[in-house]
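See below for the structure under consideration.
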Amino acid sequence: TWKGRHPETTVLAPEPQLKKEYKRNPYGSYSSSDLLRFPVEPLPSESGPGLKERIAVLGPPGAADPVLVSEREPPSEPVTVPARYAYWFAWYATHPGTAIPAPRD
């Protein structure tokens, strides 16, 4: 379907003999620990969220408001805002000094 609509592009597909390799999540063990596989600086404080805590960054670039995904409360009425997901360490490395709001009681 894509190639029919965009004939000037190249479509990548897995090698048929490697198809079984694409059925497993290669990031499962990566996501479950704070071990980083490459150097990152600066790192956030150890007193904050875990390095690989998932955050949702709400709002447009330059006016972003990061929140922990696990602490996000649904709004009383649906709201559409620009959003992107990131690991906490990755967001912090590119936006040093960012703070995650303290959990509500």
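The values are calculated or read from the model by the stated rules, or taken from the named source; none is laboratory data. If you're wondering where the values come from, they're calculated on a predicted model, not measured in any experiment. Cβ coordinates were reconstructed from backbone atoms using ideal geometry, including for glycine residues, and neighbour counts include every protein chain displayed. Ligands, DNA and RNA are excluded from the accessible area calculation, which covers all protein heavy atoms including side chains. Shrake-Rupley method; radii C 1.70, N 1.55, O 1.52, S 1.80 Å.
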Original post:
For the subset of the stretch 57-77 comprising residues that are assigned to a loop (DSSP other than H, G, I, E, B) and open to solvent by less than 80 Å² (accessible area, probe 1.4 Å), which member is modelled with the highest pLDDT?
Top reply: Gly59
Subject >> Hits in the stretch 16-48 - residues which are open to solvent by 100 Å² or more (accessible area, probe 1.4 Å) and acidic (Asp, Glu) >> reply: Glu41, Glu46
Original post:
Across the stretch 78-100, what is the total count of residues that are surrounded by 12 or more Cβ atoms within 10 Å (Cβ to Cβ), of a type in the set (Val, Ile, Thr) and at pLDDT 80 or above?
Top reply: 1
Subject >> the stretch 1-55 - residue that is touching a Pro at 6+ places or on another chain (Cβ under 7 Å) and outside any loop (DSSP other than H, G, I, E, B) and, of those, farthest from Thr94 (Cα to Cα) >> reply: Tyr22
